[in-house]
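Enquirer: Take a look at the following structure, please.
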Amino acid sequence: MVGSVETKQSAFAMTEEQKFFYDLRGWILIPNVLLSSEIDEMKAEAYACDGSRSLRNSRGYVDSLQKLLDHPAIVGILTEILSEPPYLSDDYYSFRCENSFISIRHRVGAISNEQDSENHIPSNNLPHVVRPPQQANAMRYQVKGNKIYSGLTRVVWELEEVKAGQGGTSFLSGSHKANFNYGGPDPYRANISESPWEESMRETMKGYSCPAGSVVIFTESLIHAANEWTNPNNPRCAVFNCYNSLWAQWYLLNLDHEIIKKMAVKRRSLFRGTWKLGELNGSGNFHYSADNRSL
């Protein structure tokens, strides 16, 4: 799907083209999703959060940024790659959101204050995955029966223009399906540190270019990395939301209950607890509440 959409529209189904390239590369880019007015509103809210990597006790998701959690441009895709047919409903989501942060980074050297150095050099600039190759677990990417199971999945909303090679997220396309370890001394290590092939892998990794208001979706089983921001024209302002199946959790939730409980009922279901067996007030695990939330 290319072009602007209003958030009030129904979710767009994942296309066959998107499935092909997501399975082939481990990531897809959808450009020009947000309207200019939406971008301006969301950027203002993001900058007010001061680029907090933790939205707890911040202004994040109080206003317009909430729309990104279940924007129609991503809901159909996340349903396709994270959900199972028995748990599809119009009343709640069949996947969960478990972690969110905002990243605001300026061009290297643009800010002299040492306290702002974290804006230049990301802490996760070493290429990494959620779990290393050959480690079978609930977070890994799989395809069975013509169905994608993406495991831990990241959605990145770019609120400023991104130019390839100038500091956006980069990927080693196809590595989400690797069957062999990437050469480091520790087969359980989730990053490529001490691998004799690190330079070759970094040379193979590619980024993307996109206008403001675009969204990138990738499986965390894909080798990926943050990079120093060198774009001279604008800082990076991005919102990172992480999603998972109903039955698995990787991150601690970093959104406050007071923020979530003010969301629409269906949106709140993104943050319900991670369990299936049993009942909660006779209703099963479908809705968020103070007694049924991920921690």
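The values are calculated or read from the model by the stated rules, or taken from the named source; none is laboratory data. The structure presented is a predicted model; accordingly, all values stated were derived computationally and were not measured. With ideal geometry, Cβ positions are generated from the backbone for all residues, glycine too; neighbour counts draw on all protein chains shown.
Enquirer: Filter the stretch 242-295 down to residues that are out of contact with any helix residue (DSSP H, G or I) (no Cβ under 7 Å at 6 or more places or on another chain) and assigned to a helix (DSSP H, G or I) and give me whichever is surrounded by the most Cβ atoms within 10 Å (Cβ to Cβ).
Expert: Across the stretch 242-295, the extreme among qualifying residues is SER269.
Enquirer: Within the stretch 1-59, count every residue that is surrounded by fewer than 19 Cβ atoms within 10 Å (Cβ to Cβ), of a type in the set (Asp, Glu) and either farther than 19 Å from GLU160 by Cβ or at pLDDT 65 or above (or both).
Expert: 6
Enquirer: Across the stretch 263-295, what is the total count of residues that are farther than 22 Å from LEU88 by Cβ, touching a residue at least 24 places away in the same chain (Cβ under 8 Å) and not aliphatic (A, V, I, L, M)?
Expert: The number of residues fulfilling the criteria is 0.
Enquirer: Condition test on PHE240, is it of a type in the set (Phe, Trp, Tyr) and under 28 Å from VAL33 (Cβ atoms)?
Expert: Numbers: of a type in the set (Phe, Trp, Tyr): yes; under 28 Å from VAL33 (Cβ atoms): yes.
Against the criterion (of a type in the set (Phe, Trp, Tyr) and under 28 Å from VAL33 (Cβ atoms)), PHE240 qualifies.
Enquirer: Of the residues ARG202, ARG189, only one is at pLDDT below 95 and not in a loop (DSSP other than H, G, I, E, B); which?
Expert: Details: ARG189 fails: not in a loop (DSSP other than H, G, I, E, B).
Going through ARG202, ARG189 in turn, the sole match is ARG202.
Enquirer: Continuing with this model, one more query. Look at the stretch 208-241 and say how many of its residues are closer than 25 Å to ASN179 by Cβ and either outside any strand (DSSP E or B) or over 17 Å from the mean Cα position of the chain (by Cα) (or both).
Expert: Residues flagged as closer than 25 Å to ASN179 by Cβ and either outside any strand (DSSP E or B) or over 17 Å from the mean Cα position of the chain (by Cα) (or both) within the stretch 208-241 amount to 4.
Residue by residue, here is whether (1) touching a residue at least 12 places away in the same chain (Cβ under 8 Å); (2) buried (at least 19 other Cβ atoms within 10 Å of the Cβ); (3) among the hydrophobic types (A, V, I, L, M, F, W, C); (4) at positive phi holds:
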residue	(1), (2), (3), (4)
MET201	yes, no, yes, no
PHE218	yes, yes, yes, no
ILE223	yes, yes, yes, no
THR230	yes, no, no, no
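Enquirer: Out of all the residues in the stretch 74-91, is one or more more than 22 Å from PHE271 (Cβ to Cβ) and modelled with pLDDT under 95? Even if it seems obvious, please write down each step before you answer.
Expert: First, the residues of the stretch 74-91 that are more than 22 Å from PHE271 (Cβ to Cβ): 85.
Filter once more, keeping what is modelled with pLDDT under 95: 85.
Yes, that holds for at least one residue.
Enquirer: Show the residue pairs meeting these rules: Cβ distance below 8 Å; 6+ apart or different chains; first residue within the stretch 62-73 and within 12 Å of MET42 (Cβ to Cβ); second residue at pLDDT 95 or above and in a loop (DSSP other than H, G, I, E, B).
Expert: From the stretch 62-73, the pairs are HIS71/VAL33.
Enquirer: Which one is nearest to TYR243 (Cα to Cα) among residues in the stretch 174-189 that are buried (at least 18 other Cβ atoms within 10 Å of the Cβ) and touching a residue at least 60 places away in the same chain (Cβ under 8 Å)?
Expert: Here the answer is HIS176.
Enquirer: Is it the case, given these coordinates, that TYR141 is within 26 Å of LEU78 (Cα to Cα), crowded, with 20+ Cβ neighbours inside 10 Å and at pLDDT 90 or above? Steps first, please.
Expert: Values: within 26 Å of LEU78 (Cα to Cα): yes; crowded, with 20+ Cβ neighbours inside 10 Å: yes; at pLDDT 90 or above: yes.
So TYR141 fits the description; yes.
Enquirer: Given the structure, is ALA238 out of contact with any Gly (no Cβ under 8 Å at 6 or more places or on another chain) and within 30 Å of LEU295 (Cα to Cα)? Break it down stepwise before answering.
Expert: On the way: out of contact with any Gly (no Cβ under 8 Å at 6 or more places or on another chain): yes; within 30 Å of LEU295 (Cα to Cα): yes.
Spelling it out, ALA238 is indeed out of contact with any Gly (no Cβ under 8 Å at 6 or more places or on another chain) and within 30 Å of LEU295 (Cα to Cα).
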